[in-house]
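A.B. asks: The structure's right below; bear with me while I get my questions together.
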Amino acid sequence: MMLKMQTIKFPTIFFITEEEINLNDLLAKITLPTTGAAAIFTGMVRGVTSRDDPHETAYLEYEAYVPMAEAKMRQVAEEIRSKWSSVEGIAIVQRVGKLYPQTPTVLIACTAAHRDTGVFEAARYGIDRLKEIVPIWKKEVGPDGEFWVEGEYIPKAGE
Amino acid sequence: MMLKMQTIKFPTIFFITEEEINLNDLLAKITLPTTGAAAIFTGMVRGVTSRDDPHETAYLEYEAYVPMAEAKMRQVAEEIRSKWSSVEGIAIVQRVGKLYPQTPTVLIACTAAHRDTGVFEAARYGIDRLKEIVPIWKKEVGPDGEFWVEGEYIPKAGE
Amino acid sequence: MAAGQAMWSMNKIKVLFFATLRDRTGMKSVELEVPAGMTVQALKDKLSSDYPNLKESMKTILVSVNKEYSFDEAAIPQNAEVALFPPVSGG
Amino acid sequence: MAAGQAMWSMNKIKVLFFATLRDRTGMKSVELEVPAGMTVQALKDKLSSDYPNLKESMKTILVSVNKEYSFDEAAIPQNAEVALFPPVSGG
């Protein structure tokens, strides 16, 4: 059987938003006719944290250096593509503003033809890299007051 | 700081449906105050398949032995919990009926407090096991006619 | 004679067919009376003989009894819901 | 004298502050005239001296120039958008 060869542009979506993250819409936008699998990571605000320093959180206030954050999200997507050529669509979204417990704050989604060609690993890599190099910060507000959460990663030249 | 001890029942959702799979709703249902991370897998109908036996697909027609399928989905969820005690919520959903390319057909979602305690591996395990033991079948319809897709896995006693 | 009655007693069971097996038998389900203590293997033999189309599926067929996977040596209980189907292909 | 002019020429730059650094300076951004060829390190030194509150952040501070991470030895170009911020904590 002959398959028509097509030039398909793989969709890459990345943005900072103050709106709710709509998983259904984002997934549809990165699903191609050749797509059979998607791995999606979302992070949420925890109201109750047990590990390390147990505490409660009333809300988080996120801010981003938007133009650089979007440029670095694009870079994360390019890194994913260079590591997993099987990846078809990529969506990277960070919500900012005042976000309450149980609210999704971030999404990384990768699609591929099949589930066994790295799509889970690609999504995992995406969230790890976002937390390393994308300029976003959060201030935590809870019963003990408010404080900025600081990351630990120091980017190297070329990152 | 004292944290009130609470008896939290971890949500486990599993069902066969003919309706659209709503990722936003399902994610909300398995997000607890302690949840900070979700890994979600979805499978879609491929209109164009390149690997192995390249072909095009007009649609897939899914059927399930519903009561046994739901019992086996519950079993998959229990297996996940026994392997990853960090997992908080689990959703396992299979859509059945006539499903066209680019449509999500199945969802496995696992939540946890943190992303580094097995939540990706748990979702991956869930879809692998669903494809082994949950009694669902699909008939593929395309330009070359229609044929049932048969799996390969033979369950063992106790599965 | 209790022993004699047991030997001759019959069980009612329901057999469901899915996917290719439904196509081969032309039936979604059938209710049968089978000898008490009939094994899964004996039921497969009986069905192969009643529905010759099933024969070529029998090597890879899966069987469930009351919604749990079951195997050739297992005895089928009274009022069992038995299902026959090919290896699953969901997802 | 071309060399003399170059030595004395000034660059306009914009400096943005985020998160803790905005809190410490009380400013979202400031426009500065700095000597052409000023390095990132020299800018950090100048800002530490202008805004003493910044000093204790300076060890772990990250700097971007025109939306790329930049490092102490790099020279800051004319019209650069420089940003100072703590290690990121998105997600």
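The values are calculated or read from the model by the stated rules, or taken from the named source; none is laboratory data. Computed from a predicted structure; not experimentally measured. Note that we place each Cβ from the backbone using ideal geometry, even for glycine, and neighbour counts take in every protein chain shown.
A.B. asks: List the strands (runs of 3 or more DSSP E) that sit entirely inside region A:67-127 and contain at least 1 residues that are over 30 Å from A:E56 (Cβ atoms). Before you say what the answer is, go through the steps one by one.
C.D. replies: Numbers: elements: A:87-95, A:97-99, A:104-112.
Correct list: A:87-95, A:104-112.
A.B. asks: Residues of region B:117-148 being surrounded by fewer than 18 Cβ atoms within 10 Å (Cβ to Cβ) and in contact with a strand residue (DSSP E or B) (Cβ under 7 Å, 6 or more places away or on another chain), which ones?
C.D. replies: Answer for region B:117-148, where residues must be surrounded by fewer than 18 Cβ atoms within 10 Å (Cβ to Cβ) and in contact with a strand residue (DSSP E or B) (Cβ under 7 Å, 6 or more places away or on another chain): B:V141, B:G142, B:P143, B:D144, B:E146, B:F147.
A.B. asks: Collect the residues in region A:47-71 that are farther than 15 Å from B:L32 by Cα, of a type outside the set (D, E) and buried (at least 19 other Cβ atoms within 10 Å of the Cβ), keeping them in residue-number order.
C.D. replies: Correct list: A:L60, A:Y62, A:A64, A:Y65, A:M68, A:A69.
A.B. asks: Regarding region B:124-132, can at least one residue be identified that is among the aliphatic types (A, V, I, L, M), more than 7 Å from every other protein chain (Cβ to nearest Cβ) and touching a residue at least 24 places away in the same chain (Cβ under 8 Å)? Please lay out each step first, then the result.
C.D. replies: Within region B:124-132, the first condition is being among the aliphatic types (A, V, I, L, M), and the residues that meet it are B:127, B:130.
Going one step further and asking which of them are more than 7 Å from every other protein chain (Cβ to nearest Cβ), we end up with none.
Within region B:124-132 (the criterion being among the aliphatic types (A, V, I, L, M), more than 7 Å from every other protein chain (Cβ to nearest Cβ) and touching a residue at least 24 places away in the same chain (Cβ under 8 Å)), the answer is no, since none of the residues qualifies.
A.B. asks: Right, something else. Condition check: free of Cβ contacts under 8 Å to residues at least 40 places away in the same chain, at the interface with chain A (Cβ under 7 Å from one of its Cβ atoms) and not charged (D, E, K, R). Does B:S50 satisfy that? Explain how you work it out, then say what you get.
C.D. replies: Numbers: free of Cβ contacts under 8 Å to residues at least 40 places away in the same chain: yes; at the interface with chain A (Cβ under 7 Å from one of its Cβ atoms): yes; not charged (D, E, K, R): yes.
So B:S50 passes the test.
A.B. asks: I've got another one for you. Considering only residues that are assigned to a helix (DSSP H, G or I) and among the hydrophobic types (A, V, I, L, M, F, W, C), look in region D:20-44 and name the one that is surrounded by the fewest Cβ atoms within 10 Å (Cβ to Cβ).
C.D. replies: Taking region D:20-44 and keeping what is assigned to a helix (DSSP H, G or I), we get D:20-25, D:40-44.
Those still in the list that are among the hydrophobic types (A, V, I, L, M, F, W, C) too: D:21, D:40, D:42-43.
Values: D:L21: 25, D:V40: 20, D:A42: 15, D:L43: 23.
That would be D:A42.
A.B. asks: Another question, if that's okay. Taking the stated definitions as given, is A:G43 in a strand (DSSP E or B), more than 8 Å from chain B (Cβ to nearest Cβ) and in contact with a Pro (Cβ under 8 Å, 6 or more places away or on another chain)?
C.D. replies: Values: in a strand (DSSP E or B): yes; more than 8 Å from chain B (Cβ to nearest Cβ): no; in contact with a Pro (Cβ under 8 Å, 6 or more places away or on another chain): yes.
Criteria not met by A:G43.
A.B. asks: Here is a check on your reading of the model: is B:Q102 farther than 30 Å from A:L99 by Cβ, in contact with a Pro (Cβ under 7 Å, 6 or more places away or on another chain) and of a type in the set (S, T, N, Q)?
C.D. replies: Values: farther than 30 Å from A:L99 by Cβ: yes; in contact with a Pro (Cβ under 7 Å, 6 or more places away or on another chain): yes; of a type in the set (S, T, N, Q): yes.
It is true that B:Q102 is farther than 30 Å from A:L99 by Cβ, in contact with a Pro (Cβ under 7 Å, 6 or more places away or on another chain) and of a type in the set (S, T, N, Q).
A.B. asks: To continue, here is another question. Go through the residues of region C:38-49 one by one and say whether even a single one is within 11 Å of chain B (Cβ to nearest Cβ) and not β-branched (V, I, T). Step through it out loud before you land on a result.
C.D. replies: To start, the set of residues in region C:38-49 that are within 11 Å of chain B (Cβ to nearest Cβ) comprises none.
Scanning region C:38-49 turns up no residue that is within 11 Å of chain B (Cβ to nearest Cβ) and not β-branched (V, I, T).
A.B. asks: I'd like to verify a number: residues in region D:57-91 that are within 9 Å of chain A (Cβ to nearest Cβ), farther than 24 Å from D:S9 by Cβ and not polar (S, T, N, Q), how many?
C.D. replies: Of the residues in region D:57-91, 9 are within 9 Å of chain A (Cβ to nearest Cβ), farther than 24 Å from D:S9 by Cβ and not polar (S, T, N, Q).
A.B. asks: Also, I was wondering about something else. Mind telling me which of the residues B:T49, B:T105 ends up being over 10 Å from the mean Cα position of the chain (by Cα) and at pLDDT 95 or above?
C.D. replies: Numbers: B:T105 fails: over 10 Å from the mean Cα position of the chain (by Cα).
Exactly one of B:T49, B:T105 is over 10 Å from the mean Cα position of the chain (by Cα) and at pLDDT 95 or above, namely B:T49.
A.B. asks: Quick one: count up the residues across region C:45-67 that are surrounded by fewer than 16 Cβ atoms within 10 Å (Cβ to Cβ) and not in a loop (DSSP other than H, G, I, E, B).
C.D. replies: Of the residues in that region, 8 qualify.
A.B. asks: Determine, yes or no, whether A:W148 is in a strand (DSSP E or B), at the interface with another protein chain (Cβ under 9 Å from one of its Cβ atoms) and free of Cβ contacts under 8 Å to residues at least 24 places away in the same chain. Give the steps one after another, and end with the answer.
C.D. replies: Values: in a strand (DSSP E or B): yes; at the interface with another protein chain (Cβ under 9 Å from one of its Cβ atoms): yes; free of Cβ contacts under 8 Å to residues at least 24 places away in the same chain: yes.
Here the answer is yes, as A:W148 does meet what is asked.
A.B. asks: Continuing with this model, one more query. As an exercise: evaluate D:I13 against (1) closer than 27 Å to A:M73 by Cβ; (2) loosely packed, with under 14 Cβ neighbours inside 10 Å and give the number of the one condition it does not meet.
C.D. replies: (2)
A.B. asks: Determine, yes or no, whether C:S49 is over 28 Å from B:T17 (Cβ atoms), touching a strand residue (DSSP E or B) at 6+ places or on another chain (Cβ under 9 Å) and of a type in the set (G, A, S). Can you show your working first?
C.D. replies: Values: over 28 Å from B:T17 (Cβ atoms): yes; touching a strand residue (DSSP E or B) at 6+ places or on another chain (Cβ under 9 Å): no; of a type in the set (G, A, S): yes.
Judged against the criteria, C:S49 is not a match.
A.B. asks: Could you count how many residues in region A:92-116 are more than 10 Å from chain B (Cβ to nearest Cβ), surrounded by 21 or more Cβ atoms within 10 Å (Cβ to Cβ), of a type outside the set (A, V, I, L, M) and more than 17 Å from A:V134 (Cα to Cα)?
C.D. replies: Here the count works out to 1.
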